[in-house]
Amino acid sequence: MKKLINRAFIYAMLGLAAGVFYREFTKWNGFTGRTALAFMHPHLLVMGALLCLILALFTRHLPLLEDKRFGSFLRLHDIALPAMTLMLGVRGVMQVLKTDLSPGLDAAVSGLAGLTHILLGLALVFVFIALRKVVGTLSDVPQGNMAKGN
């Protein structure tokens, strides 16, 4: 649980730093249009900090940390989310600086961004499979005032 809270803290700090970078970099360059930099802040805060905090709450009452798919989720998440954020940053900086990318480089940035989104989606599939499994093991445990099937 503590490791998830530490991860949440790191992602929160990165998210806040990304928000400050977005605001100051665009202001410094006089940029007023839409840019991919704006998405770094919410991705890190929601998919990083908030998700880890929610999962930490789950681990308080469920044996989630012992599930191998949850371990796969953690590894994949810690690769995909920072890489996705990096690609958003690269794309956003290029937009703010009005840098014309060659078609090959533009395709590479888009391809890497797409790949990181797919990996993060796969990580989410792992966490849901792990959650379903550990919740399924609770059928033998008395549920208190909860209705059957919850």
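The values are calculated or read from the model by the stated rules, or taken from the named source; none is laboratory data. All of these numbers come straight from a predicted model, not from anything done at the bench. Please note: Cβ atoms are built from the backbone with ideal geometry, for glycine as well, and neighbour counts cover all protein chains shown.
Computed quantities for the displayed model
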{"read-out": "The range 23-36, residues that are outside any loop (DSSP other than H, G, I, E, B) and either free of Cβ contacts under 8 Å to residues at least 60 places away in the same chain or over 17 Å from T99 (Cα atoms) (or both)", "value": "R23, E24, K27, W28, A36"}
{"read-out": "Residue check for G48: part of a helix (DSSP H, G or I) and under 13 Å from the mean Cα position of the chain (by Cα)", "value": "yes"}
{"read-out": "Top-ranked residue of the range 79-90 - restricted to ones that are touching a residue at least 60 places away in the same chain (Cβ under 8 Å) and under 20 Å from F31 (Cβ atoms), ranked as surrounded by the fewest Cβ atoms within 10 Å (Cβ to Cβ)", "value": "G89"}
{"read-out": "Residues within the range 91-108 that are at pLDDT 90 or above and surrounded by fewer than 16 Cβ atoms within 10 Å (Cβ to Cβ), tallied", "value": "4"}
{"read-out": "Failed item, numbered, when K98 is tested on (1) in a helix (DSSP H, G or I); (2) more than 13 Å from the chain's Cα centre (by Cα)", "value": "(1)"}
{"read-out": "Meets criteria (exposed (fewer than 15 other Cβ atoms within 10 Å of the Cβ), among the polar types (S, T, N, Q) and not in a helix (DSSP H, G or I)) for T137", "value": "no"}
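To keep it simple, each residue is scored yes or no on (1) surrounded by 14 or more Cβ atoms within 10 Å (Cβ to Cβ); (2) β-branched (V, I, T).
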{"residue": "M13", "(1), (2)": "no, no"}
{"residue": "T35", "(1), (2)": "yes, yes"}
{"residue": "A38", "(1), (2)": "yes, no"}
{"residue": "G48", "(1), (2)": "yes, no"}
{"residue": "L74", "(1), (2)": "yes, no"}
